[in-house]
Amino acid sequence: MLTPLIEFRKVTKSFDGKRVLDGVDLAIYPGEVTTLIGKSGVGKSVTLKLIIGLLLPDRGHILYEGRDVGNMGRGERKRMRERFNFMFQHNALFDSLTVYENIALPLEEKTRLSPRDIEDRVRSKMESLDLLGIEYKYPSQISGGMQKRVALARALISDPQVVLFDEPTTGLDPVRKNSVLSMITHNQKNFGFTAVLVSHDVPDVLYISNRVAIIEQSRILYEGSPHGLEQSDQPVIREFIYSLEALKKDIVGLPDRGELEKAYLRAVDAWHTSGSFAVLVLIIQDYQAIERSIGDFGAFEVLDTLAERLRSHVRTWRYIYGRFDCNTIVCLLPGVTEEPVIRGLLGKLAQDLKAQEVFQPNQYTTYCHEFSVSAGFTAGSESQRLEDMVQAAKAGGETLVRLSCAQASRGSYA
Amino acid sequence: MTWRDSHSFENSHSPLQALAWVGRNTVQLIREMGAVFLFFLQGLLLIFQLPFQIRKSLQQVYFIGVKSIFVILLVGIFTGMVLGLQGYYTLVKFGSEGVLGGMVALSIIRELGPVLTAIMIIGRAGSAMAAEIGIMRISEQIDALVTMDINPIRYLFSPRIVASVISFPLLTALFNVIGIIGGYISGVLLLGVNSGIFFSRMENLVNIHDIMGGFYKALGFGLIVVTICCYQGFYVHTRREGFGAKGVSLATTSAVVLSCVFVLITDYVLTSFLL
């Protein structure tokens, strides 16, 4: 079995009485990219600073190649530290030195290379990071993205054995972010260094990681492969993996299935005296195909439009609604029992949707994909499970509106 | 317990509390002084670690020394002139205006030269040192040095010690010369003291012991100023009164105030030993 290069054993660290790490066990293996993820302020950067020795643990042990760092002599600790480099979250560039001097500093201070050799190495690193032409500028004269790359160049210039990256992609545009992540992975593969990353860029960063550790509430919640992470059913872990979905949910304003079911159970007591209710279901047919053909943002816009228009039509009534699954919106309407009322509502909704941009074929000039939204309803009762009522409503579903790439056509409710 | 009881209860404890406060602050002061001394000792020893930081030391000599020349010239000339003026009107009452040259030279060489030079450098370079190192601390630049296995005390403090040891005596010497010229301008050129008597009295009254005393003072002040200013900046993150920009501002203020206070205290101590 592979021996960890760096190992945390029951490490505890507190600041002003607040415990940031509590008995943390963590293993970092040589030649791998290990990513620490977690919410802001959970101790990810502290973990990196403990690894490099900028901070010392209050309790527990940090082992490097099986040797307790706390028991190392000065010489041994110095030799260990020489193999590390660190890229700070806010770059920590020397603002009174030029870009060139910043990158060259570790070589000038710690090696006996000739000025010519130093220049060659610095220029080569600058070229690989697309930094040529700014050698004589000061950090304050270049953009945030460039500062990040200069910090990266400085971290890699001495070819360290272990590189610690504290949020290397924070503040970068998507193109630069991808280039930094790919540069880390390419350099890591070329030089074989061990990389430890702290990042919020989930899921992007998972593609370049061999191992992932999630820190939550001062402890390691998960440690293992990115694949294993995907298999996890812990809510906090899923929150991280599906942070993009969470953003969509926040923008659309639709509660997810769990929240919808909780709201339904809460409401059942309140509705008990006021009779039955209607369960209305809107289904975007073939949602994954829409995502594939017109793209994520196009599919998201369809969902957003549907939710927003439905909300506007039922806003004068009491209602509970949410996203039952990826393509289904469920709306519960207490006190609505007559079928004509619901059909009238769906008719108005169909008319309204037909006028929306997402159902206009001329909006899809390059890629168009025909799709439809169907609607169904059923009478609900407190004794039934929500899932059964939704299935019943789906079974009676009819087309509400359809996008035809030739022209948008009306469904049967209109 | 009534308010009265509580009040008397508080009163019964106040001498103890006061004693505890004094004890706490004394321990804190001694600890701080020990930390400053260790900081100085590390910086001093690291000067001799190879390779020597000649270029960085020269850069600091330029910053602390060369860039302070103008302000030293300005302060020196007017200090000498006002000393000549005041001295003349005091001495003329006793008919002793002939000793003006000696009086101006002794005052400047023994006291005013080293002290005012030190205070001027504190204001111009000392505050800048504290602020620069403080900003490096709060922006993690010092941590970056540690992660690159570069000793920050050697990198930031040792060249400044070297520069202070070179700059303070030289600037003091410059202050002395320009101050004497100032005294000459007001005493001889403006008030009509005989030029020959001015210089011959100066030659008679000033000896090498006075000049060396001023030199030792300048050296001592240099070490005190650079240590206090760099220490304040280097440990800005440990201040409890303020962090970030506020911490740097407080560190700069403390650096200037403490340096001035310690320069004046040291001046008295050294003078009492040297006289």
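Conditions first: (1) open to solvent by less than 50 Å² (accessible area, probe 1.4 Å); (2) assigned to a strand (DSSP E or B). A:ARG402 passes all but one, so which condition is the exception?
Here A:ARG402 clears every test but (1).
When residues of region B:198-242 are filtered for being open to solvent by 30 Å² or more (accessible area, probe 1.4 Å) and hydroxyl-bearing (Ser, Thr, Tyr), how many remain? Talk me through it step by step, then tell me what you get.
In the first step, residues of region B:198-242 are kept if they are open to solvent by 30 Å² or more (accessible area, probe 1.4 Å); the result is B:199-201, B:203-205, B:207-209, B:211-212, B:215-216, B:219, B:223-224, B:235, B:237-241.
Still in the running and hydroxyl-bearing (Ser, Thr, Tyr): B:200, B:216, B:235, B:238.
Going through region B:198-242 one residue at a time, the tally reaches 4.
What residue, among those in region A:94-117 that are within 14 Å of chain B (Cβ to nearest Cβ) and without any contact (Cβ under 8 Å) to a residue 40 or more places away in the chain, is surrounded by the most Cβ atoms within 10 Å (Cβ to Cβ)?
The qualifying residue surrounded by the most Cβ atoms within 10 Å (Cβ to Cβ) is A:GLU109.
Table: residues versus (1) free of Cβ contacts under 8 Å to residues at least 12 places away in the same chain; (2) of a type outside the set (A, V, I, L, M, F, W, C); (3) over 26 Å from A:ILE51 (Cβ atoms).
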| residue | (1), (2), (3) |
| --- | --- |
| A:LYS125 | no, yes, no |
| A:GLY133 | yes, yes, yes |
| A:ARG149 | no, yes, no |
| A:VAL162 | no, no, no |
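For region A:155-172, which residues satisfy the criterion of being out of contact with any strand residue (DSSP E or B) (no Cβ under 7 Å at 6 or more places or on another chain) and more than 15 Å from A:PHE193 (Cα to Cα)?
A:THR169, A:THR170, A:GLY171, A:LEU172
Out of all the residues in region A:39-65, which are part of a loop (DSSP other than H, G, I, E, B), more than 12 Å from B:ASP143 (Cβ to Cβ) and in contact with a strand residue (DSSP E or B) (Cβ under 8 Å, 6 or more places away or on another chain)? Lay out the reasoning, then the answer.
Residues of region A:39-65 that are part of a loop (DSSP other than H, G, I, E, B), as a first pass: A:39-43, A:53-58, A:65.
Okay, now just the ones that are also more than 12 Å from B:ASP143 (Cβ to Cβ), so A:39-43, A:56-58, A:65.
Within region A:39-65, A:LYS39, A:VAL42, A:GLY43, A:PRO57, A:ASP58 qualify.
Output the residues belonging to region A:1-24 that are small (Gly, Ala, Ser) and out of contact with any strand residue (DSSP E or B) (no Cβ under 7 Å at 6 or more places or on another chain).
Looking only at region A:1-24, we keep the residues that are small (Gly, Ala, Ser), and these are A:14, A:17, A:23.
Matches in region A:1-24: A:GLY17 only.
For A:GLU387, work out the one condition from (1) at pLDDT 80 or above; (2) over 37 Å from the mean Cα position of the chain (by Cα); (3) of a type outside the set (Phe, Trp, Tyr); (4) over 20 Å from A:HIS313 (Cβ atoms) it doesn't fulfil.
Failed condition: (2).
If you go through region A:47-63, how many residues are more than 12 Å from A:VAL24 (Cβ to Cβ), more than 13 Å from chain B (Cβ to nearest Cβ) and open to solvent by less than 10 Å² (accessible area, probe 1.4 Å)?
Step one: filter region A:47-63 for residues more than 12 Å from A:VAL24 (Cβ to Cβ), giving A:48-49, A:52-56, A:63.
Next, only the ones that are more than 13 Å from chain B (Cβ to nearest Cβ) stay: A:63.
With the extra rule that they be open to solvent by less than 10 Å² (accessible area, probe 1.4 Å), the set shrinks to none.
Total meeting the criteria: 0.
Against the condition among the aliphatic types (A, V, I, L, M), more than 14 Å from chain A (Cβ to nearest Cβ) and either farther than 30 Å from A:LEU48 by Cα or surrounded by fewer than 24 Cβ atoms within 10 Å (Cβ to Cβ) (or both), how does B:ILE150 come out, does it pass?
On the way: among the aliphatic types (A, V, I, L, M): yes; more than 14 Å from chain A (Cβ to nearest Cβ): no; either farther than 30 Å from A:LEU48 by Cα or surrounded by fewer than 24 Cβ atoms within 10 Å (Cβ to Cβ) (or both): yes.
Judged against the criteria, B:ILE150 is not a match.
Return yes when B:ILE142 is within 14 Å of chain A (Cβ to nearest Cβ), open to solvent by 30 Å² or more (accessible area, probe 1.4 Å), in a helix (DSSP H, G or I) and farther than 20 Å from B:GLY222 by Cα and no when it is not.
On the way: within 14 Å of chain A (Cβ to nearest Cβ): yes; open to solvent by 30 Å² or more (accessible area, probe 1.4 Å): no; in a helix (DSSP H, G or I): yes; farther than 20 Å from B:GLY222 by Cα: yes.
No: the conditions fail for B:ILE142.
Scan region A:82-93 for residues that are at the interface with chain B (Cβ under 7 Å from one of its Cβ atoms) and assigned to a loop (DSSP other than H, G, I, E, B) and jot them down.
Answer for region A:82-93, where residues must be at the interface with chain B (Cβ under 7 Å from one of its Cβ atoms) and assigned to a loop (DSSP other than H, G, I, E, B): A:PHE88, A:HIS90, A:ALA92.
Which of the helices (runs of 4 or more DSSP H) contained wholly in region A:255-350 include at least 1 residues that are at pLDDT 80 or above? Spell out how you get there, then give the answer.
Working: elements: A:257-271, A:287-294, A:296-314.
The qualifying helices (runs of 4 or more DSSP H) are A:257-271, A:296-314.
Restricting attention to region A:82-93, which residues are polar (S, T, N, Q) and either open to solvent by 10 Å² or more (accessible area, probe 1.4 Å) or over 35 Å from the mean Cα position of the chain (by Cα) (or both)?
Taking region A:82-93 as the starting set, the residues that turn out to be polar (S, T, N, Q) are A:85, A:89, A:91.
Result: A:GLN89, A:ASN91.
The values are calculated or read from the model by the stated rules, or taken from the named source; none is laboratory data. Fair warning: this is a prediction, and the values are worked out from it, not measured in the lab. Heads up, the Cβs are rebuilt from the backbone with ideal geometry, glycines too, and the neighbour counts pull from every protein chain shown. Ligands, DNA and RNA are stripped out before the accessible areas are found, and what is left, the full protein with its side chains, is counted by its heavy atoms. Shrake-Rupley method; radii C 1.70, N 1.55, O 1.52, S 1.80 Å.
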